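Here is the structure we will look at.
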Amino acid sequence: MADKGKMDQAKGKAKEAAGKITGNDRMKAEGKMDQAKGKAKEAMSETEERARGIQDSLRDKRDRT
């Protein structure tokens, strides 16, 4: 999912740049929103990965006892 977040961020940057070049404020705003959405997806993915790591650690400790 982190890749999807990066893809949204790249798409957003391109859209924002196109909006700046053409003077289209709506496209600029959409680009910023896409970037924010991508960052949120990336953060969620990192949180899920950390949670899985913690869960695996706890499972390993439980199995050793």
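The values are calculated or read from the model by the stated rules, or taken from the named source; none is laboratory data. For clarity, every value in this text was computed on a predicted model and none was experimentally measured. Positions of Cβ are generated from backbone atoms using ideal geometry, with glycine treated the same way; all protein chains shown enter the neighbour counts. For the accessible areas, the whole protein counts, side chains as well, though only heavy atoms, and no ligand, DNA or RNA atoms are used. Shrake-Rupley method; radii C 1.70, N 1.55, O 1.52, S 1.80 Å.
Tabulated data for the structure shown
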item	result
Proximal lysines to LYS15, defined as alpha-carbon separation beneath 20 angstrom and excluding residues fewer than eight positions away on the same chain	LYS4, LYS6, LYS28, LYS32, LYS37, LYS39, LYS41
Segments 21-33, 51-63, 5-17 sorted - mean Cβ within 10 Å per residue, highest first	5-17, 21-33, 51-63
Net length gained if the chain between ALA10 and ARG62 were fully extended (0.36 nm per residue, minus Cα distance)	14.5 nm
Å² per residue, accessible surface of the chain at 1.4 Å	79
Cβ-defined net charge surrounding LYS6, 13 Å radius [Lys, Arg +1; Asp, Glu -1]	+1
Full-stretch length increase - ALA17, MET44 - with 0.36 nm per residue and alpha-carbon distance subtracted	7.1 nm
Between helix 25-64 and the chain: long-axis angle, C-alpha atoms, 0 to 90°, nearest 10	10
Size of charge dipole - the chain - debye, nearest 20, with Cβ of Lys, Arg +1 and Asp, Glu -1, no other charges	100
Rounded to 10°, Cα long-axis angle of helix 2-22 versus longest principal axis of the chain	10
Helical mean residue ellipticity (222 nm; -39500 (n - 2.57) per DSSP H run of 4+; nearest 500) of the chain	-34000 deg cm²/dmol
Sequence-separation-based contact order of the chain, relative, with Cα cut under 8 Å and 6+ spacing, percent	37
Carbon/sulfur fraction of accessible area - the chain, other protein chains in place, 1.4 Å, %	55
Net charge of neighbours whose Cβ lies under 12 Å from the Cβ of LYS37, counting Lys and Arg as +1 and Asp and Glu as -1	+3
